[in-house]
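There's a structure below that I have some questions on.
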Amino acid sequence: MAIIQDSSLAAIPDDHKRFLHTMKAIQGALIVSSSIQIILGYSQLWGIFFRFFSPLGMAPVVALLGFGLFERGFPVVGRCVDVGLPMLILFVVLSQNAQIRDIPILERFSLFICIAVVWAYAQILTAGGAYKHSRKGLLSHRASGI
């Protein structure tokens, strides 16, 4: 997210050049991060550090990451309730039922399945004319405008 909203890239007026610079920055970040993973793997440092990772130690880390991203994602659900709320409900139901029913495909791909189902739902709403007479701010909810 930091690369996409970088102010130095926003100063480039041409969209194509800004896209190229953004892609180069993302490629560089991916190369550096994968190099770090390669170094950790071949030096066997990951095995040494893995002993210290437990659910008790990782739960606060995951919670802090979730709280940091909360203000980015959850207000969007409130702005577009007719698409965001079904997505939220479907994701919670699928992810919780995957553990109860022991369905491995739901455990691995519940988010992707929810995105596909809700995208189809948004397409049906758009084709049905649900947003035809909406004000300009709601045009971002349309499946054809995304």
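Taking residue 91, is it within 30 Å of residue 123 (Cα to Cα) and surrounded by 12 or more Cβ atoms within 10 Å (Cβ to Cβ)? Lay out the reasoning, then the answer.
Details: within 30 Å of residue 123 (Cα to Cα): yes; surrounded by 12 or more Cβ atoms within 10 Å (Cβ to Cβ): yes.
Against the criterion (within 30 Å of residue 123 (Cα to Cα) and surrounded by 12 or more Cβ atoms within 10 Å (Cβ to Cβ)), residue 91 qualifies.
Which count do you get for residues in region 85-110 that are over 25 Å from residue 131 (Cβ atoms) and either charged (D, E, K, R) or part of a helix (DSSP H, G or I) (or both)? Even if it seems obvious, please write down each step before you answer.
To start, the set of residues in region 85-110 that are over 25 Å from residue 131 (Cβ atoms) comprises 92-110.
From the residues that got through so far, the ones that are either charged (D, E, K, R) or part of a helix (DSSP H, G or I) (or both) too are 92-102, 104-110.
Total satisfying the criteria: 18.
Among the residues of region 99-106, is any loosely packed, with under 10 Cβ neighbours inside 10 Å, touching a Lys or Arg at 6+ places or on another chain (Cβ under 9 Å) and under 30 Å from residue 123 (Cβ atoms)?
There is no residue in region 99-106 that is loosely packed, with under 10 Cβ neighbours inside 10 Å, touching a Lys or Arg at 6+ places or on another chain (Cβ under 9 Å) and under 30 Å from residue 123 (Cβ atoms).
Right, next: Let me confirm something: among 86, 13, which residue is over 16 Å from the mean Cα position of the chain (by Cα) and either without any contact (Cβ under 8 Å) to a residue 24 or more places away in the chain or outside the structural domain of residue 124 (by TED's automatic domain parsing) (or both)? Reasoning before the result, please.
On the way: 86 fails: either without any contact (Cβ under 8 Å) to a residue 24 or more places away in the chain or outside the structural domain of residue 124 (by TED's automatic domain parsing) (or both).
The unique qualifying residue is 13.
Now, a different point. When region 115-146 is examined, which residues are found to be at pLDDT below 85, under 16 Å from residue 86 (Cβ atoms) and either assigned to a loop (DSSP other than H, G, I, E, B) or among the polar types (S, T, N, Q) (or both)?
126, 128, 130, 131, 142, 143, 146
The values are calculated or read from the model by the stated rules, or taken from the named source; none is laboratory data. As the structure is a computational prediction, the values presented were derived from the model and not from experiment. Please note: Cβ atoms are built from the backbone with ideal geometry, for glycine as well, and neighbour counts cover all protein chains shown.
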